[in-house]
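Working notes, structure below.
The values are calculated or read from the model by the stated rules, or taken from the named source; none is laboratory data. Remember, predicted model here, so these are calculated numbers, not experimental data. We place every Cβ from the backbone using ideal geometry, glycine too, and count neighbours over all the protein chains shown.
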Amino acid sequence: MKLIRIPENKYYDYRINAMFKCYKWDPMFYDSNTLSKHVLILTKQENEEVIKLTESLDKETRLAEEYLNNHTNVAKKLFLPKKILEQTHNMKNYNSSQNIRLMRYDFHPSIDNNWVVTEVNSDVPRRICRKLFIA
């Protein structure tokens with residue numbers, strides 16, 4: 001893998017693609033840009049590794065959510081934030097087949113040649129999709 005700087009004359013298009021093709025719908029934090037001026041170029045093998053990691057993490061995340069949906073009493077033992085605990089009763093009737101679900105996992109290379117997940121976004125697309133379909 002290698003890091004390459006995005007040419008200034010291509011950065012605007014890169015930013016638009018990141019937002020609308022890669023679901024990075026929040027490219028700002030207050031007045032600061034959160035999109036790098038560099039891209040990480042992966043080998044085919046590295047890309048396949050990230051795909052496998054993403055698929056595994058997605059499956060594990062959905063299984064954990066399903067388990068919590070059916071065992072809401074476990075949420076208290078996990079010391080989840082109070083706002084989440086207050087909503088666990090709503091989880092009992094959640095049916096994943098009746099909801100649009102889109103998650104974006106942000107993987108980053110670590111200094112010890114592993115991958116780390118710094119963020120998983122699933123709430124922003126769901127809110128936007130709901131607004132699109134309830135017109």
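The residues on offer are LYS76, LYS83, LYS92, and the sole one that is over 27 Å from TRP25 (Cα atoms) and either surrounded by 11 or more Cβ atoms within 10 Å (Cβ to Cβ) or out of contact with any Leu (no Cβ under 9 Å at 6 or more places or on another chain) (or both) is LYS92. Among the residues here, ILE16 does not qualify as farther than 19 Å from ASN114 by Cβ, assigned to a strand (DSSP E or B) and out of contact with any Cys (no Cβ under 6 Å at 6 or more places or on another chain). Restricting VAL50, VAL39 to those that are of a type in the set (A, V, I, L, M, F, W, C) and within 14 Å of the chain's Cα centre (by Cα) reduces the list to VAL50. So LYS24 passes all but one of these: (1) surrounded by 13 or more Cβ atoms within 10 Å (Cβ to Cβ); (2) touching a residue at least 40 places away in the same chain (Cβ under 8 Å); (3) over 18 Å from the mean Cα position of the chain (by Cα). Which condition number does it fail? If we test LYS24 against (1) surrounded by 13 or more Cβ atoms within 10 Å (Cβ to Cβ); (2) touching a residue at least 40 places away in the same chain (Cβ under 8 Å); (3) over 18 Å from the mean Cα position of the chain (by Cα), just (3) comes out false.
All told, LYS76 falls short of being modelled with pLDDT of 90 or more, in a helix (DSSP H, G or I) and of a type outside the set (Asp, Glu). Taking the condition assigned to a loop (DSSP other than H, G, I, E, B) and either of a type outside the set (Lys, Arg) or touching a residue at least 40 places away in the same chain (Cβ under 8 Å) (or both), does LEU68 pass? Considered against the rule, which asks whether it is assigned to a loop (DSSP other than H, G, I, E, B) and either of a type outside the set (Lys, Arg) or touching a residue at least 40 places away in the same chain (Cβ under 8 Å) (or both), LEU68 comes out as no.
Can you pull out the residues in region 8-18 that are under 18 Å from the mean Cα position of the chain (by Cα) and surrounded by 14 or more Cβ atoms within 10 Å (Cβ to Cβ)? Correct list: ARG15, ALA18.
Confirm whether LYS131 is at pLDDT 80 or above, among the charged types (D, E, K, R) and part of a helix (DSSP H, G or I). It is false that LYS131 is at pLDDT 80 or above, among the charged types (D, E, K, R) and part of a helix (DSSP H, G or I).
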